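Okay, so here's the structure we're looking at.
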Amino acid sequence: MNAACFHKSKHLSEPDLCEEDIHCPICQSTNRINRTILQEAPEIYLKQCLNCFAVSASRLPTKKTLDLYYSSFYESNDTKITFDDPKRFGRHLFDQTRKYLTNGKKTLSILYYGGGIGTISIELAKRYLDFGIPEVKVLIVDYEQSALIDDIPNLVINNCSALSEVKDQKFDIIIASAIIEHLPTPRTEITCLFELLNEHGLIYFRSPYVMPIILLLKKLKIDSDFTYPGHIHDLGQKFWDNVLDTFDLKNGFNILYSRPSIVETTFSKHFRRTLIAYLCKTPWYVLGNRWRFVGGWEILIQKGIPKTTEDTPERGT
Ligand SMILES: [Zn+2]
């Protein structure tokens, strides 16, 4: 069983790895415990931070190791995304963000971080254009520089390779979907993304949350694959529910919802995987945070405070 469709774990040797750091790569706490072993010789563990609740590999891969690992990642996937149906994901993002955006926008700006060639952000932009927004600007930030050229009226697409290149711009919607788990030390990138939001802007994160499933399968003596070093972190409900505390943002931001992520496969393309995903996620809606076998998490956060009671945050109990 793989944590992600297109990644597979790779055994790393000592030269492939950075020196072990006892600090949590997200909050720098040293209050961490081993959860399970990822590989032996050299040993790498999944450690959980008891301060921010992030789960991370105990050893980080070097930049060279990651570059090599990803060099073949997109080759077998024509649309260069890991989501079966980008239109469905675009619709999901539109449905989740539309009700929270300030009315009467003439131009909507979207930042899509780690989006490959940006297929999903363009699907989202098309929905906003159909909805009546006069102009949508999309900035795709990804080391892969070949942004999709899509000749749609009133849609402006730009791209750059790193967040550090984004200067003097703020965004109404920021999408960081299935990217944070790949970054060795994501504290810098998460902080930067929050700083790039317009007032009342929205930021959406989606990440794998598979550690409870991996621990359960281990007890049942079933092999599972965390897909290290593709995935370095596993970020679940506790991490995301506490993210504003971790990044000291409680006064300026508000969690609109925090819940199991949208299923990324479809019955027509991956029937078994899709069925398992729905079966894993559904009990959470009855049991709340007592059910942890959901596989992935998503959260929507707004800069500023919601204005109406309709915008009261929905969260797991
Ligand atoms: Zn931490």
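Nothing in this text is a laboratory measurement; each read-out follows from the coordinates by a stated rule. The structure displayed is predicted, hence computed values, not measured ones. Please note: Cβ atoms are built from the backbone with ideal geometry, for glycine as well, and neighbour counts cover all protein chains shown.
Quick notes on this structure:
- Positive-end ranking of Pro283, Leu124, Pro42 along the dipole of the chain, with charges on Cβ about the Cα centre, is headed by Pro283.
- Using a Gaussian network model of the chain in which every pair of alpha carbons under 10 angstrom is joined by a spring, one finds that among Pro61, Pro184, Pro153 the greatest mean-square fluctuation is at Pro153.
- Estimated inter-spin distance, Lys269 and Thr102, nm [label 7 Å along Cα→Cβ]: 3.6 nm
- A Gaussian network model of the chain, with springs between Cα atoms under 10 Å, assigns the largest mean-square fluctuation among Leu163, Leu68, Leu249 to Leu68.
- Point-charge dipole on Cβ atoms (K/R +1, D/E -1) for the chain, about Cα centre, debye to 20: 1040 debye
- When shorter helices are ignored and each DSSP H run of at least 4 residues is given -39500 (n - 2.57), the per-residue value for the chain at 222 nm works out to -6500 deg cm²/dmol.
- q = 0.06, 0.10, 0.14 Å⁻¹: log10 I(q)/I(0) that the Debye formula gives for the chain, counting C-alpha atoms only: -0.19, -0.56, -1.16
- Computed over the Cα atoms of the stretch 97-229, the ratio of the radius of gyration to the Kirkwood radius (Rg/Rh) comes to 1.06.
- Taking each residue as 0.36 nm, the span from Gln169 to Lys64 lengthens on full extension beyond its C-alpha to C-alpha distance by 34.7 nm.
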